[in-house]
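**Q** This is the structure, below, for whatever I ask next.
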């Protein structure tokens with residue numbers, strides 16, 4: 001799984017997603033590429049699933065370059081669990 005070596009803050013805020021990507025929109029390596037048509041958050045599990053799927057289809061026929069990295073940490077609190085309560 002993809003994971004940063006170290007982070008400055010433990011929990012990151014998501015912020016806003018607006019506008020089009022300025023960098024990484026051109027093909028830098030190889031002959032073929034995948035392009036996202038809509039903006040969205042990509043998790044490390046999705047990147048890993050795509051890499052495994054590409055590796056299976058390519059087999060030993062070529063190289064795979066992955067130029068994205070999940071930066072935003074997803075923190076989800078499940079409803080129904082008890083949190084610490086001061087007495």
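**Q** Could you tell me whether the stretch 44-61 includes any residue that is in a loop (DSSP other than H, G, I, E, B), closer than 20 Å to residue 2 by Cβ and either modelled with pLDDT of 80 or more or in contact with a helix residue (DSSP H, G or I) (Cβ under 9 Å, 6 or more places away or on another chain) (or both)?
**A** Step one: filter the stretch 44-61 for residues in a loop (DSSP other than H, G, I, E, B), giving 59-61.
Applying the additional criterion that residues be closer than 20 Å to residue 2 by Cβ yields none.
No: the stretch 44-61 contains no residue that is in a loop (DSSP other than H, G, I, E, B), closer than 20 Å to residue 2 by Cβ and either modelled with pLDDT of 80 or more or in contact with a helix residue (DSSP H, G or I) (Cβ under 9 Å, 6 or more places away or on another chain) (or both).
**Q** Collect the residues in the stretch 8-38 that are free of Cβ contacts under 8 Å to residues at least 12 places away in the same chain, farther than 23 Å from residue 50 by Cα and surrounded by 10 or more Cβ atoms within 10 Å (Cβ to Cβ), keeping them in residue-number order.
**A** none
**Q** Evaluate the stretch 74-87: report whether one residue or more is surrounded by fewer than 10 Cβ atoms within 10 Å (Cβ to Cβ), assigned to a loop (DSSP other than H, G, I, E, B), more than 14 Å from the chain's Cα centre (by Cα) and at pLDDT 80 or above.
**A** Scanning the stretch 74-87 turns up no residue that is surrounded by fewer than 10 Cβ atoms within 10 Å (Cβ to Cβ), assigned to a loop (DSSP other than H, G, I, E, B), more than 14 Å from the chain's Cα centre (by Cα) and at pLDDT 80 or above.
The values are calculated or read from the model by the stated rules, or taken from the named source; none is laboratory data. The model shown is predicted, which means the values in this text are computed figures rather than measured ones. Quick reminder, even Gly has a Cβ in these numbers, built from the backbone with ideal geometry, and neighbours come from all protein chains shown.
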